[in-house]
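Participant: Sharing a structure here in structure tokens format.
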Amino acid sequence: MNSNADLLKSLKIDRNAAPPPESRKGLWIGLAVFAVFVLAVAGGVALRGGKGIEVRVAPVTAIGGGSSSGAAVLDATGYLVARRMATVSAKVTGKVRDVLIEEGQRVEEGQILAHLDPVDADAQRSLSAAQLGAAQSQIAGVAAQLKQADADANRLGALVRQQLVSRAQYDQAIAARDALRAQLVTAQRNAQVARDGLRIADHGVDNTIVRAPFAGVIIAKAAQPGEIVSPLSAGGGFTRTGIGTIVDMSSLEVEVEVGESYISRVKPGMRTETVLNAYQDWKIPGKVIAIIPTADRGKATVKVRVSLGALGDPRLVPEMGARVSFLDEAKPAQANTHPGVLVPANAIVERGGKSVAFVLTGDTVSMRTLQLGRTLGDDREVVSGLSSSDQVVLDPPEQLADGARVHIAPESTEADTGNE
């Protein structure tokens, strides 16, 4: 009986016993799946909370607004250029001894900018001076001999008339006197040649001094003491061709490119209003100086020169970006006011068949649908969709969408800082 009871007890299931090793395999699989899910969620959170897409941005520029002188019939972009600018170089090749200029320094016409080493020029001048002295000494010697020969010829002439000497002796005295006269003329011409050589040598010494050709401001210092300068760059890439660059700030003007389709609106002498990119609130009056009588076939534009009415202001700097409004005094300003803004053309893309731009808002972007106007150089006029206080993304990538998180590229930030 006991044996049967023991057999029955062995068949009883013990529910408190540990599961067999095979059942733990499913548990580990479940834990692995759960870990992968957690990592995926964490990765998504990290992506949403990271820096986002790297972009470059640019500010939007306000245009139009009218003028008390008349309505703006056309806007064009361009740059400030100097009509009088020169890279000053020495007339001769030589080693720089000293440079007396710095960037931003104002110089007057004729002011000394630098000195070249004058050793060779001084030696040539000394030689020319010695040659002049020798020529002058030769003149004195020949003149003394001529005086004696002239006296001998006069004395023999009196004796010949008295028939005390032969006619041949008298003729010889006359020939000697005439020969000395010719030698004197030759010596005098040699002295003049030596004098001219000395004058040229003086110019050679003066050519080692570099002077300002006109009054202006130094915008570049190109050479340092010890370097070789040459107007012809005779030494190749290791030879400087200039000492510095001078700009006459009173010759600044604006050079703009106007599309061929709109050039008929521009007339010589037409009043203008210029706004610099660096000073948006400063409106500079001026007028059209000239329309260059040639077109750029690649850009389909014509260059127009525009004067500035604020010459001498230190804020005017060559190569500054500017926007010029051409004014029609016959029309009231309210009749042609442009309420739009100007944006770089590479900030506008097509999405869903519409022209859009992405505006930076904090660390995200919002997509704006635009109504476009004229093309002004590398910019486009936006009639609606943007305001002058916006910043737009340049060259928006395909993956950029409305509400996407972004961060500004370092080079874009540095460029904006430099513009400010």
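Participant: Can you find a residue in region 25-46 that is in contact with a His (Cβ under 7 Å, 6 or more places away or on another chain) and at pLDDT 55 or above?
Facilitator: Step one: of region 25-46, the residues in contact with a His (Cβ under 7 Å, 6 or more places away or on another chain) are none.
The answer is no; no qualifying residue exists.
Participant: Right, something else. Among the residues of region 381-396, count how many are in contact with a Gly (Cβ under 7 Å, 6 or more places away or on another chain) and either surrounded by fewer than 18 Cβ atoms within 10 Å (Cβ to Cβ) or not β-branched (Val, Ile, Thr) (or both). Explain how you work it out, then say what you get.
Facilitator: Let us first name the residues in region 381-396 that are in contact with a Gly (Cβ under 7 Å, 6 or more places away or on another chain), namely 381-383.
Narrowing the set further to residues that are either surrounded by fewer than 18 Cβ atoms within 10 Å (Cβ to Cβ) or not β-branched (Val, Ile, Thr) (or both) leaves 381, 383.
Number satisfying all stated conditions: 2.
Participant: How many residues are modelled with pLDDT of 80 or more and closer than 19 Å to GLY362 by Cα when one looks only at region 379-388?
Facilitator: 3
Participant: Let me ask another. On the basis of being out of contact with any Leu (no Cβ under 8 Å at 6 or more places or on another chain) and modelled with pLDDT of 85 or more, does VAL193 make the cut?
Facilitator: Values: out of contact with any Leu (no Cβ under 8 Å at 6 or more places or on another chain): yes; modelled with pLDDT of 85 or more: yes.
Yes, satisfied.
Participant: I've got another one for you. In region 398-418, what count of residues is obtained for those that are modelled with pLDDT under 50, loosely packed, with under 12 Cβ neighbours inside 10 Å and within 18 Å of VAL359 (Cα to Cα)?
Facilitator: Matching residues across region 398-418 total 0.
Participant: Oh, and also: Quickly run through region 347-369 and pick out the residues that are of a type in the set (A, V, I, L, M, F, W, C) and part of a strand (DSSP E or B).
Facilitator: As a first pass, look at region 347-369 and keep what is of a type in the set (A, V, I, L, M, F, W, C): 347-349, 356-360, 365, 367.
If the condition is that a residue be of a type in the set (A, V, I, L, M, F, W, C) and part of a strand (DSSP E or B), then VAL349, VAL356, ALA357, PHE358, VAL359, LEU360, VAL365, MET367 are the ones that fit.
Participant: Would you point out which residue out of LEU327, LEU342 is modelled with pLDDT under 85, crowded, with 19+ Cβ neighbours inside 10 Å and closer than 26 Å to GLU253 by Cα? Please lay out each step first, then the result.
Facilitator: Numbers: LEU327 fails: modelled with pLDDT under 85.
Selected residue: LEU342, the only one of LEU327, LEU342 that is modelled with pLDDT under 85, crowded, with 19+ Cβ neighbours inside 10 Å and closer than 26 Å to GLU253 by Cα.
Participant: What number of residues within region 90-123 satisfy the criterion of being among the acidic types (Asp, Glu) and within 10 Å of ALA212 (Cα to Cα)? Give the steps one after another, and end with the answer.
Facilitator: From region 90-123, those among the acidic types (Asp, Glu) are 98, 102-103, 108-109, 117, 120, 122; that's our starting set.
From what's left, within 10 Å of ALA212 (Cα to Cα): 108-109.
Of the residues in that region, 2 qualify.
Participant: Could you please tell me which pairs satisfy a Cβ distance under 7 Å, a separation of 6+ or placement on different chains, a first residue in region 392-405 that is within 10 Å of PRO344 (Cβ to Cβ), and a second residue that is assigned to a loop (DSSP other than H, G, I, E, B) and aromatic (Phe, Trp, Tyr)?
Facilitator: none
Participant: Is there a residue being part of a helix (DSSP H, G or I) and either at pLDDT 85 or above or surrounded by 14 or more Cβ atoms within 10 Å (Cβ to Cβ) (or both) anywhere in region 206-214? Steps first, please.
Facilitator: So in region 206-214, the residues part of a helix (DSSP H, G or I) come out as 206.
Checking the rest, the ones that are also either at pLDDT 85 or above or surrounded by 14 or more Cβ atoms within 10 Å (Cβ to Cβ) (or both) come to 206.
Yes, there is a match, as at least one residue in region 206-214 is part of a helix (DSSP H, G or I) and either at pLDDT 85 or above or surrounded by 14 or more Cβ atoms within 10 Å (Cβ to Cβ) (or both).
Participant: Scan region 294-309 for residues that are among the charged types (D, E, K, R) and loosely packed, with under 14 Cβ neighbours inside 10 Å and jot them down. Full working, then the answer.
Facilitator: Initial filter on region 294-309 (among the charged types (D, E, K, R)): 296-297, 299, 303, 305.
Matches in region 294-309: ASP296, ARG297, LYS299.
Participant: Can I ask one more? Please verify whether region 104-120 includes one or more residues that are assigned to a helix (DSSP H, G or I) and either on the phi < 0 side of the Ramachandran plot or over 43 Å from the mean Cα position of the chain (by Cα) (or both). Spell out the reasoning first.
Facilitator: Looking only at region 104-120, we keep the residues that are assigned to a helix (DSSP H, G or I), and these are 119-120.
Filter once more, keeping what is either on the phi < 0 side of the Ramachandran plot or over 43 Å from the mean Cα position of the chain (by Cα) (or both): 119-120.
Scanning region 104-120, I find at least one residue that is assigned to a helix (DSSP H, G or I) and either on the phi < 0 side of the Ramachandran plot or over 43 Å from the mean Cα position of the chain (by Cα) (or both), so the answer is yes.
Participant: While we're here: Looking at region 155-182, I want the residues that are in the same structural domain as ALA143 (by TED's automatic domain parsing) and have a partner that is surrounded by 11 or more Cβ atoms within 10 Å (Cβ to Cβ) and in a loop (DSSP other than H, G, I, E, B) with Cβ atoms under 7 Å, at least 6 apart or on another chain. Which pairs are those?
Facilitator: If the second residue must be surrounded by 11 or more Cβ atoms within 10 Å (Cβ to Cβ) and in a loop (DSSP other than H, G, I, E, B), the pairs left are LEU156/VAL165; LEU159/VAL165.
Participant: Which residue out of ILE291, ILE284 is buried (at least 19 other Cβ atoms within 10 Å of the Cβ) and either among the β-branched types (Val, Ile, Thr) or assigned by TED's automatic domain parsing to the domain that holds LEU100 (or both)?
Facilitator: On the way: ILE291 fails: buried (at least 19 other Cβ atoms within 10 Å of the Cβ).
It is ILE284.
Participant: Limited to region 216-233, what total is found for residues that are in a loop (DSSP other than H, G, I, E, B) and in contact with an Asp or Glu (Cβ under 7 Å, 6 or more places away or on another chain)? Lay out the reasoning, then the answer.
Facilitator: Of all residues in region 216-233, those in a loop (DSSP other than H, G, I, E, B) come to 222-227, 230-233.
Still in the list and also in contact with an Asp or Glu (Cβ under 7 Å, 6 or more places away or on another chain): 225.
So the count comes out to 1.
Participant: Looking only at region 93-109, decide whether some residue is touching a Phe, Trp or Tyr at 6+ places or on another chain (Cβ under 8 Å) and at pLDDT below 95. Reasoning before the result, please.
Facilitator: Pass one, region 93-109, residues touching a Phe, Trp or Tyr at 6+ places or on another chain (Cβ under 8 Å): 109.
Subsequent filtering for residues that are at pLDDT below 95 retains 109.
Yes, because at least one residue in region 93-109 is touching a Phe, Trp or Tyr at 6+ places or on another chain (Cβ under 8 Å) and at pLDDT below 95.
The values are calculated or read from the model by the stated rules, or taken from the named source; none is laboratory data. Here the structure is a predicted model, which is why all the values come from computation and not from measurement. Every residue, glycine as well, gets a Cβ built from its backbone with ideal geometry; the counts of neighbours run over all protein chains shown.
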